[in-house]
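Working notes for the structure below.
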Amino acid sequence: MLAHDFYPEGHQGGVGVIQNGQRVATNGDIRLEPTPGQWQPIPKVGKRMVDKTTGAISVHMEFPNEEINRKGFNPVIYPDLHFSYTTRVEPAGKGFKIIVDLDSALPADWIGKVGFNFELYPGVLFGKAYYMDGQSGIFPRQANGPNYIDAEGETQITPMATGNKLTIAPESEAQRMTIENLKGNSLQLIDGRGKYNNGWFVVRSLVPKGATKGAIEWLVTPHAIEGWMSKPVVQVSQVGYHPAQPKIAVIELDKHDTKKLPATLLRISENGGFENALQATPKDWGNFLRYHYLQFDFSQIKKPGMYVVKYGSDTTNPFQISDSVYARNVWQPTLEYFLPVQMCHMRVNDKYRVWHGFCHMDDARMAPIDSNHFDGYIQGPSTLTTYKSGETVSGLNVGGWHDAGDFDLRVESQAETMYGLTLAYETFGTTYDNTSINQQTHVVEIQQPDGKPDMLQQIEHGLLSIVGGYQSMGRFYRGIIEPTKRQYTTLGDPANITDNKFYNDVKTSGTPPAVGLPNSPDDRWVFTENNPGRELEVAAALAAANRVMKGYNDTLAADCLTIAQQIWNNEKEKNPMQRVQLATELYITTKDKQYADFLITNKEAITKNINNTGWVLGRVLPMINNADFTNTITAAVKVLYDTIQAQGKETPYGVPYKPNIWGAGWDIQHFGYKQYFLHAGFPTIVSDKYMLAALNFILGEHPGSNTASFASGVGSHSMIPAYGFNRADWSYIPGGVSSGTALIRPDFPELLPFPYLWQQGEYVLGGGTTDYLFLVLAANKVLNDK
């Protein structure tokens with residue numbers, strides 16, 4: 001493939017190779033560094049040109065890419081180097097050539113710096129052999145030295161081998177590949193992990209002095225197994241099924257596999273061995289992406305027990321059929337492990353283990369004005385508060401959860417998490433208690449009950465951050481994040497990121513110590529913004545939280561309602577639809593007629609936006625009790641449900657799944673979350689079918705050979721390792737929910753067991769955490785109420 005993908009910082013782009021069903025190489029392109037990382041310059045990619053007569057594919061590219069040069073989200077600092085080139089791949093025997101033509105020769109001072117890189121996926125190479133001319137070795141599991149300091153003072157990795165012909169995994173029929181340099185400088189094999197933990201093995205050739213046409217020419221020959229076809233994969237929920245729900249195993253076949261074998265459901269006997277529960281010929285569903293799909297429906301089986309599905313030589317992991325399948329060990333890990341581990345401003349203990357120590361107790365200093373942070377935060381010409389840049393903002397060193405695999409606090413993720421927990425507690429009355437949380441000592445003890453519902457304690461923790469920031473600044477923060485890349489990229493215990501001392505309390509005259517030393521300006525920055533839509537979204541979460549905080553933390557409950565009403569009265573949004581959720585929550589909380597009047601007045605706009613508003617309004621229609629409004633919304637939901645049913649038929653998984661370069665797990669979870677409210681609010685129109693299909697998708701019924709549950713530690717097989725803050729240990733956080741199966745364009749679904757692919761394995765808050773927790777609780781309630 002060439003330039004189908006456009007995400008090189010995520011190891012998707014340039015020339016890529018899928019070999020015998022495994023993506024083995026990617027990012028074949030010109031780079032300015034031997035082993036570039038996330039914020040290194042990447043070229044602007046032109047249009048793919050295909051010559052059908054020769055089979056050649058070419059793309060014109062250029063440096064710099066002005067769209068991201070020192071601006072935008074994740075800005076890149078490009079050097080003063082302007083050049084363009086064409087990368088071409090063309091058939092050559094059983095392999096293909098990679099040819100790079102420069103439009104003009106490189107400047108003299110860039111000779112020895114610019115080269116063609118080709119990245120090899122590490123996860124399938126550890127322990128495998130390689131040959132490079134007369135040299136040989138194995139691909140090591142960890143990055144080893146020696147390193148060296150280059151002329152610019154940068155640390156670089158000494159190549160593992162140098163020569164003109166590299167043979168990769170010669171002992172493996174499925175992975176053997178040769179790369180031959182046909183022109184110019186020799187090949188280098190470099191372990192990119194020595195520079196960045198998320199690096200891959202890199203094969204590199206430097207662009208020779210004065211070279212233009214044919215500056216790079218390689219012959220790449222991946223060994224293709226004659227007649228190879230992907231093996232059948234049976235996809236089931238790794239947790240199992242309730243007797244009352246549909247139970248459909250999805251069987252993924254190579255498109256050239258014309259066999260249709262019988263599928264068998266086997267019950268694992270209490271005395272050992274298997275009992276034949278059902279055998280049938282699977283239904284032919286059709287083609288999706290690069291595969292052909294069958295469906296094996298065993299919904300009729302309701303006998304409790306443990307089961308497997310067998311098709312051909314593929315047998316699934318054990319799964320359960322039981323009316324208590326969702327009652328234990330499914331949603332609880334998210335509440336009793338993941339959320340506590342993600343808690344900021346706390347020490348988190350787990351018996352003998354300390355997940356992390358006291359962290360970020362020096363939060364936070366006001367961000368510099370007119371600054372564009374490397375993780376996308378932007379501070380405009382004003383701080384929008386009474387605080388000046390660099391001043392410590394009070395009230396921010398409490399509450400909140402680390403977002404995703406890094407340690408920043410995004411206000412929307414804080415609000416989404418807290419809002420999801422609020423609706424879960426309110427809807428299902430979950431008083432589960434297995435964690436001790438002490439806000440006075442800032443200590444968390446996992447697997448140690450304290451007599452308080454864990455959900456309420458977590459909601460309180462989120463509120464302390466949001467409310468504390470609002471009360472200090474008179475507005476919500478946009479985000480709180482480390483000021484330097486060295487802090488931001490720190491893995492492991494976040495207690496090591498700052499000294500936990502307010503810089504403005506301890507600083508002395510003279511030059512401050514470097515970040516990482518005591519008394520340095522290592523405090524996180526807090527950013528603000530004018531964003532009415534986000535303000536209204538956060539306020540809606542506060543309005544809902546007021547209800548569950550009453551009787552638990554009455555002061556915080558009152559603060560939530562006060563702030564939500566202030567936002568309602570003061571915000572000046574352009575789109576009134578941004579106010580629907582807040583109006584709904586304020587009406588449920590206060591019964592104040594003005595909020596119902598707003599909804600009724602805007603019914604036409606609401607119906608046009610029913611995909612985003614229908615699930616919200618289902619809870620409030622009976623309270624408003626306006627027949628015309630109810631009828632209008634109900635009619636719109638009927639149309640919406642027709643669309644959902646049509647989209648559900650487009651994939652073998654029964655969900656409106658549009659594969660993306662990022663895993664779609666979060667979107668599918670949020671879809672299922674909304675389906676519950678649509679079903680609960682409009683039970684005669686919207687069934688529970690799509691809510692349950694979304695849950696099955698997350699738990700293992702999804703494309704690709706890795707049929708893992710996206711929720712780590714949940715089910716027979718799950719995403720381990722995953723992209724949490726402990727990813728450097730190739731570990732996981734129980735209950736963290738990853739983004740899931742991604743699309744390698746044009747049509748290859750992929751879920752790699754590699755902890756450094758954030759677009760497949762990253763944990764996130766909000767849609768990636770509480771939507772999942774809510775969805776499991778919803779399935780348990782709906783199915784057991786039947």
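Values computed for the structure shown
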quantity: Relative contact order (percent, whole number), the chain, Cα cutoff 8 Å, 6+ residue spacing; calculated: 11 percent
quantity: Per residue, in Å², the accessible surface of the stretch 64-170 once ligands and nucleic acids are set aside, probe 1.4 Å; calculated: 49 Å²
quantity: Radius, Kirkwood style, for the stretch 66-164 when every pair of distinct Cα atoms is counted (Å); calculated: 17.6 Å
quantity: Where N is the number of residues in the stretch 611-760, Cα Rg divided by 2.2 N^0.38 Å; calculated: 1.20
quantity: Enclosed volume per residue, in Å³, of the convex hull spanned by Cα atoms of the stretch 467-513; calculated: 131 Å³
quantity: Global size of the stretch 326-455 as Cα Rg and Dmax, reported in angstrom; calculated: 17.1, 52
quantity: Under Karplus coefficients 6.51, -1.76 and 1.60, residue-wise ³J(HN,Hα) of the stretch 241-251 in Hz, glycine/proline x; calculated: 9, 7, x, 8, 9, x, 10, 10, 7, 9, 10
quantity: Heavy-atom SASA rank of MET549, MET306 (probe 1.4 Å, accessible area, largest first); calculated: MET306, MET549
quantity: Net dipole in debye of the stretch 111-264 [+1 Lys, Arg Cβ; -1 Asp, Glu Cβ; about Cα centre; nearest 20]; calculated: 260 debye
quantity: Kirkwood-type radius of the stretch 477-636, with distances r between different C-alpha atoms, in Å; calculated: 18.9 Å
quantity: Equivalent ellipsoid semi-axes, the chain, via Cα gyration tensor eigenvalues times 5, rooted, Å; calculated: 44, 36, 25
quantity: Mean ellipticity per residue at 222 nm, deg cm²/dmol - from DSSP H runs of n ≥ 4 across the chain, formula -39500 (n - 2.57); calculated: -7500 deg cm²/dmol
quantity: Percent accessible area from carbon and sulfur atoms, the chain, protein chains only, probe 1.4 Å; calculated: 50 percent
quantity: Stokes-Einstein translational diffusion, the stretch 277-338 - Kirkwood Rh over all Cα pairs, 1.567 mPa s, 4 °C, in µm²/s; calculated: 89 µm²/s
quantity: Relative contact order of the stretch 524-597, pairs being alpha-carbon contacts under 8 Å that are 6 or more residues apart, as %; calculated: 38 percent
quantity: Nearby lysines by direct alpha-carbon distance to LYS550 (threshold 27 angstrom, same-chain neighbours under 8 apart not counted); calculated: LYS452, LYS591, LYS593, LYS674, LYS781
quantity: Whole-angstrom gap from the stretch 346-395 to the stretch 17-94, using each part's C-alpha centre; calculated: 36 Å
quantity: Area of MET361 that stays accessible when all protein chains are in place (1.4 Å probe, Å², to 10); calculated: 40 Å²
quantity: Lysine pairs with alpha-carbon atoms under 28 Å apart, the stretch 200-296, spacing 8 or more or separate chains; calculated: 12
quantity: Within the chain, percent of DSSP bridges classed antiparallel, to nearest 5; calculated: 90 percent
quantity: Dipole of the chain [Lys/Arg +1, Asp/Glu -1 at C-beta], most positive-end residue of THR630, TYR293, ALA557; calculated: TYR293
quantity: Lysine pairs within the stretch 22-149, Cα separation less than 20 Å, 8 or more sequence positions apart or different chains; calculated: 5
quantity: Heavy-atom surface of the stretch 388-517, accessible at 1.4 Å and reported per residue (Å²); calculated: 36 Å²
quantity: Lys, Arg +1 and Asp, Glu -1 on Cβ, resulting dipole of the chain about Cα centre, debye, nearest 20; calculated: 1380 debye
quantity: Accessible surface, 1.4 Å probe, highest first, among residues ASP370, ASP323, ASP688; calculated: ASP370, ASP323, ASP688
quantity: From the C-alpha gyration tensor of the stretch 553-615, square roots of 5λ in Å; calculated: 23, 12, 11
quantity: Accessible surface of VAL50 - all protein chains present, 1.4 Å probe, nearest 10 Å²; calculated: 90 Å²
quantity: Percent of C-alpha pairs per 10 Å bin, the stretch 93-233, short to long; calculated: 11, 37, 34, 14, 3, 0
quantity: Axial C-alpha extent at least 20 Å, average Kyte-Doolittle at least 1.0 - helices from the chain (DSSP); calculated: none
quantity: Surface accessible to a 1.4 Å probe, LEU542 within the full protein complex, Å²; calculated: 0 Å²
quantity: Rg over Rh [alpha-carbon atoms, Kirkwood Rh] for the stretch 449-537; calculated: 1.05
quantity: Solvent exposure ordering (accessible area, 1.4 Å, most first) of ARG290, ARG193; calculated: ARG290, ARG193
quantity: Contact order normalised by residue count of the stretch 437-572, Cα under 8 Å, 6+ apart, percent; calculated: 22 percent
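The values are calculated or read from the model by the stated rules, or taken from the named source; none is laboratory data. As the structure is a computational prediction, the values presented were derived from the model and not from experiment. Neighbour counts run over all protein chains shown; Cβ positions are idealised from the backbone, glycine included. The accessibility values were calculated without ligands, DNA or RNA, using every heavy atom of the protein model including side chains. Shrake-Rupley method; radii C 1.70, N 1.55, O 1.52, S 1.80 Å.
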